[in-house]
Amino acid sequence: MKPAAFTYHRAHDVSDATGLLGELAQAGEDPKLIAGGQSLMPMMNFRLARPSALVDLGPLRRDPALTSIQRDDSGLRIGALVTHRKVEVSGHTLGPDFDVLSRAMRWVGHLPIRARGTVAGSIVHGDATAEWCLLALLLDAVIVAEGPDGPGARREIPAAEMFYGFYATAVEPDEVVIEVRFTRPAPRAALTEFARRHGDFAIVDAAVSLDVDPADPDGPGPLVGGRVVLGGVAPAPIRVPEAEAVLAGGVPGPELFAACGEAAAAAIDPPDDAAYRRRLTRTLVTRALEQAWRKPAAEETVRERATGAGSRVSGGTERGSSPPAYEAQEGAKG
């Protein structure tokens, strides 16, 4: 497997990258940016993507703003060239409000992929099952992009407006993503998915969060609300308001979580394997809600990251915490 012929260019800073994109496009080329290359290169090798020019962002790793993770009053800022692995081992920086990002990273491919692939690259790629795309919707991410007009004209793209089709995002061809801001803290959140083998693309994945009464965060009282995001059931990742409505005012527990899973499965219209993906949706949403409510202890999270422990589902692998006792064995097709 070899990619089609292309020309190679190295950008030395963001303005150089946007300038190269514009110059190459004016010359009739079809340029693409490459950072970690973990999404683009496989597609080029299979010739599913045939850019005539690549602009390498590797030299931009010298810019600390592009490779840092920072907390501030607006939430969490992740530089565009931060790798999945850096997020995975930065739980101390993320804190409990954004720890779901760290826990979710063990589901991103394998360690070599996580060590090179970047946060922004995954989001801009726009795969409907990519963990970062679901997390962006879950945590109200804002994608900051810079175009040929420079830093003074940077655009802020809300995640709700980012994904609009099959591998289609709102980032323009002459723009470079600078950072991703996560503005919605979610101390009770989880992401889980189903794949045929560990490291494969997910068939369906689900990211959820539970909003509790801040006056009684650990009490049994009704939920203020919640969020349910799905991948693999539409051309782009989606929120499921019908399932979220079930959570609002409900008492957390197996019955509510199962009802939310049922509502999510009933609300979706997958483009293929519809019955199968609905069954997966029902199980994964229910399971993710249980995990979010449990808030894994720090020692449990560390142990799972170290061992890669995961639960087996008939017909494939679901990587995550042990499933709840009321889990339905609906992972198998047929």
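Each reported figure results from applying straightforward, stated rules to the coordinates on display, with no laboratory input. The structure presented is a predicted model; accordingly, all values stated were derived computationally and were not measured. Note: ideal-geometry Cβ built from the backbone for every residue, glycine included; neighbour counts use all protein chains shown.
At-a-glance table
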| quantity | calculated |
| --- | --- |
| The chain: angle of helix 274-294 to the longest principal axis, Cα-based, in degrees nearest 10 | 80 |
| The chain - share of DSSP beta bridges that are antiparallel (%, nearest 5) | 85 |
| Using alpha-carbon coordinates, inclination of helix 14-26 to the longest axis of the chain, degrees | 70 |
| Calculated FRET efficiency for the pair Val89/Asp218, C-beta based, R₀ 25 Å, to 0.05 | 0.35 |
| Extension gain from Ala259 to Arg61, taking 0.36 nm per residue of separation minus the Cα-Cα distance | 66.7 nm |
| FRET E, pair Glu23, Thr183, Förster distance 35 Å, beta-carbon r, rounded to 0.05 | 0.50 |
| FRET efficiency, 1/(1 + (r/R0)^6) with R0 22 Å, evaluated for Asp13 and Asp72 via beta carbons | 0.40 |
| Between 0 and 90°, nearest 10: helix 254-267 axis offset from the chain longest Cα axis | 50 |
| Kirkwood Rh and Cα Rg combined as Rg over Rh, evaluated for the chain | 0.97 |
